[in-house]
């Protein structure tokens, strides 16, 4: 021990401010979150169809509760019971309980504070999710209706002028001019009229990027809560996909039994009604709304019709007539069929109608959505079709 | 609190106290390599506690631990006092916004650890194997891994770290850090003694046939069960690249370094607590207020129960170790105590020195935990039987706290067969998690991997990596 006396003595450094610069914990935490995001992304189909994540229509983000990732290690199977050592006033036979109900008040730090308890919520932009779907499906962008069919006036900035309305005065540019002038003048004045610069706008034609999506929901008695949920999930993601393409997208919500009514988005999924199904009422209502508010010359039109496929037999001709009328007008018309069981699909009244239109090369298609996992396939089929159609144009 | 202290009571004062406490410690018989103390911000301290080293390889799992630590800290559940890295010099980190009294206590505590790590045999062996500059070595390795990320991309490096860090506990401490590869050839086994007709034939008269030279055989890999999975993968994985091998060996070296801390926790924390209490008691240069505040901190650290509870279902190692050393130093001479701290680890320490009367005084009891429905757990108090107490305290410490997994065989095609020592672990593995770990291993082993264990009914079960990416 004597040799210790010759050892260099310990050192006490009281100031080491640069340690504040360390942030590896945060770095690795961000990396973890990135991995969680990637994992969520890989399981996107499950997420899309877990229709519960559609909190409010119109929200631009969805929140997904996620668990922390676990870095797995070899571990023994959880025992039915195991032994340990405690300390304090315990007599043989005494029983303590922890877990279950979390302890309130002063935490004793015992039991149940395992790492599994923490949960956090990741927020995803709906737009990002749609982008991922696009990447996963390797879909090119949708093409709007033929370019010369839809034209829109657009004002684009183009150069500057010394005269113009006050509202278009470009102050930055004006100051720049003043600075240049003052640099070469002796004893200059701050501003002259010659310094003023106004933005010039020119009028251009451009293809319209407007779209309208009409959702028709069969709210007759046979459409129960679960079927509406399926329809809603499909509607939601179909809209998001279209929103990705079109700068300006309008929505129309129509519910029908043997009559049809237009609703706001919030009310739309709450409606219940009794009555039979007369498909033509809903289709006719959409036709009229399109004609009045969203003319085909200015809007890309999409129609989705969710129904269990039933229709009164004596409505057959009327439904076919109005469906044909719509089909020749719109970019696309889709039937989201939610049958009682899978095998009913396409044999139903409405299913047959849509199939026959599709067979005649109208931009029409139908999708059978029986359970959550079908939504993904339906959405995929819808967008694939859109792209195929656009490419063959 | 802090504003109540005058300027002379700030942590600056430590620069004055530390050498005096150190001199006192040496006078009382402790011996240690010098300690580089540094006062660091809390955020840095949390990182050190999470990573186990001041600068260590990046991995997302540390990020998760960091957030837990951060949340705990923000909720006021956790306060870090010090982290010390044995070496020559030792490196000790103290928190710069802890009070002077706390840091004074911690300074003495660190000196206790420094004495322990220099003199305890297990620590000493590991120090010699790993080298005395773990902090610098780990930082250097972290840099190399950072460079590997730049060269090979984050996901490839991460795949290697996923596997290596998951096997952190699967090392064989008894084999030494630098061990030679297996012999390639093995000596032929002796011929079995001749029996029956052969024996009679050999006894017949006549000229002995020349014995053919026994052919040396290629030795199987591994020659016997190999428990050091990190080493085995580093040496024998069929397609491991150099930088990947480096990562395995880096994780293994750090695992060796951490082992004594793990295997001597009760002794080591107890020893440091005993000496901080004693040194401060005998440090007459400390103002009364500093001493009293420090002793208050001391009793918080070594208290057996959390809060106002009168019972605890987890034994505080600081408290247990402290109580044991206090008893030992009361009953034995200092020389004997120093010899105990030199020769024992927690296993022998608990078995040899946790006596029945002390266990009784500490009111230790055995319990059985029964998980119930809804996350509720029932703890049934069994008895205070001393041998059971000792083994129950030690149970979580065997084999670095993990199951005993070993390499059984490596096929000619490179496939890897792992086994699980069910006998000594008493039950089978958590199958789902084990498959995930096999998944990690397969990504670096690059040949088929399997693991044999038993399922819940005790039947043999061969696991293979699960499909999927996570």
Qualifying positions in region B:308-338 - part of a helix (DSSP H, G or I) and more than 14 Å from chain A (Cβ to nearest Cβ): B:325, B:326, B:327, B:328, B:329, B:330, B:331, B:336, B:337
Checking residue B:20 against (1) more than 9 Å from every other protein chain (Cβ to nearest Cβ); (2) touching a helix residue (DSSP H, G or I) at 6+ places or on another chain (Cβ under 7 Å); (3) touching a residue at least 60 places away in the same chain (Cβ under 8 Å), which single condition isn't satisfied? (2)
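Given the residues A:249, A:271, A:216, which is the only one that is under 17 Å from residue A:336 (Cβ atoms) and surrounded by fewer than 21 Cβ atoms within 10 Å (Cβ to Cβ)?
Details: A:249 fails: under 17 Å from residue A:336 (Cβ atoms); A:216 fails: surrounded by fewer than 21 Cβ atoms within 10 Å (Cβ to Cβ).
Only one candidate passes the filter, namely A:271.
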Within region B:353-398, track down each residue that is more than 20 Å from residue A:80 (Cα to Cα), facing chain A (nearest Cβ under 9 Å), in contact with a helix residue (DSSP H, G or I) (Cβ under 8 Å, 6 or more places away or on another chain) and in a loop (DSSP other than H, G, I, E, B). B:362, B:384
For region B:452-470, how many residues are more than 10 Å from every other protein chain (Cβ to nearest Cβ) and either touching a helix residue (DSSP H, G or I) at 6+ places or on another chain (Cβ under 8 Å) or modelled with pLDDT of 75 or more (or both)? 11
Being within 18 Å of residue A:285 (Cα to Cα), modelled with pLDDT under 85 and surrounded by 24 or more Cβ atoms within 10 Å (Cβ to Cβ) is the filter here; which residues of region A:312-349 pass it? none
Number of the exception - residue A:92 against (1) facing another protein chain (nearest Cβ under 7 Å); (2) surrounded by 15 or more Cβ atoms within 10 Å (Cβ to Cβ); (3) modelled with pLDDT of 80 or more: (2)
Could you check how many residues of region A:270-294 are out of contact with any helix residue (DSSP H, G or I) (no Cβ under 7 Å at 6 or more places or on another chain) and at pLDDT below 85? 8
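Results for (1) buried (at least 22 other Cβ atoms within 10 Å of the Cβ); (2) in contact with a helix residue (DSSP H, G or I) (Cβ under 6 Å, 6 or more places away or on another chain); (3) at pLDDT 90 or above; (4) farther than 18 Å from residue B:295 by Cβ, shown as yes or no for each residue.
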{"site": "B:35", "(1), (2), (3), (4)": "yes, yes, yes, yes"}
{"site": "B:67", "(1), (2), (3), (4)": "no, yes, no, yes"}
{"site": "B:82", "(1), (2), (3), (4)": "yes, yes, yes, no"}
{"site": "B:101", "(1), (2), (3), (4)": "yes, yes, yes, no"}
Are there any pairs, at least 6 apart or on different chains, whose C-beta atoms fall under 6 Å, with the first in region B:140-155 and over 13 Å from residue B:242 (Cα atoms) and the second surrounded by 12 or more Cβ atoms within 10 Å (Cβ to Cβ), and if so, which? B:141/B:250; B:142/B:55; B:142/B:56; B:142/B:57; B:149/B:157
State whether one or more residues within region B:158-178 are free of Cβ contacts under 8 Å to residues at least 60 places away in the same chain, surrounded by 13 or more Cβ atoms within 10 Å (Cβ to Cβ), in contact with a strand residue (DSSP E or B) (Cβ under 8 Å, 6 or more places away or on another chain) and assigned to a loop (DSSP other than H, G, I, E, B). yes
What number of residues within region B:40-62 are assigned to a loop (DSSP other than H, G, I, E, B) and within 7 Å of chain A (Cβ to nearest Cβ)? 3
All but one of (1) closer than 23 Å to residue B:105 by Cβ; (2) in a helix (DSSP H, G or I) hold for residue B:231, so report the exception by its number. (1)
Tell me, please, whether a residue that is surrounded by fewer than 16 Cβ atoms within 10 Å (Cβ to Cβ), touching a strand residue (DSSP E or B) at 6+ places or on another chain (Cβ under 7 Å) and more than 9 Å from chain A (Cβ to nearest Cβ) can be found in region B:421-439. yes
Does residue B:33 count as at the interface with chain A (Cβ under 8 Å from one of its Cβ atoms), in contact with a strand residue (DSSP E or B) (Cβ under 7 Å, 6 or more places away or on another chain) and touching a residue at least 12 places away in the same chain (Cβ under 8 Å)? yes
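Okay, residues lined up against (1) away from chain A (no Cβ under 12 Å); (2) surrounded by 18 or more Cβ atoms within 10 Å (Cβ to Cβ):
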| residue | (1), (2) |
| --- | --- |
| B:38 | no, yes |
| B:64 | no, yes |
| B:104 | no, yes |
| B:118 | no, yes |
| B:121 | yes, no |
| B:127 | yes, yes |
How many residues are away from chain A (no Cβ under 12 Å) and within 22 Å of residue B:286 (Cα to Cα) when one looks only at region B:73-96? 2
List the number of the failed condition for residue B:347; all other conditions in (1) under 25 Å from the mean Cα position of the chain (by Cα); (2) free of Cβ contacts under 8 Å to residues at least 40 places away in the same chain hold. (2)
I need the full set of residues from region A:157-206 which are farther than 30 Å from residue A:298 by Cα and in contact (Cβ under 8 Å) with a residue 40 or more places away in the chain, in order please. A:160
Could you go through region B:421-442 and let me know if any residue there is in contact with a helix residue (DSSP H, G or I) (Cβ under 7 Å, 6 or more places away or on another chain) and assigned to a loop (DSSP other than H, G, I, E, B). yes
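Quick grid of which residues meet (1) assigned by TED's automatic domain parsing to the domain that holds residue A:42; (2) more than 30 Å from residue A:31 (Cβ to Cβ); (3) over 20 Å from the mean Cα position of the chain (by Cα); (4) modelled with pLDDT of 75 or more:
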| position | (1), (2), (3), (4) |
| --- | --- |
| A:62 | yes, no, no, no |
| A:76 | no, no, yes, yes |
| A:80 | no, yes, yes, yes |
| A:88 | no, yes, yes, yes |
| A:100 | no, yes, yes, no |
| A:105 | no, yes, yes, no |
| A:108 | no, yes, yes, no |
| A:112 | no, no, yes, no |
| A:121 | yes, no, no, no |
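The values are calculated or read from the model by the stated rules, or taken from the named source; none is laboratory data. If you're wondering where the values come from, they're calculated on a predicted model, not measured in any experiment. Because the Cβ atoms are built from the backbone with ideal geometry, glycine has one as well, and the counts that use them run over all protein chains shown.
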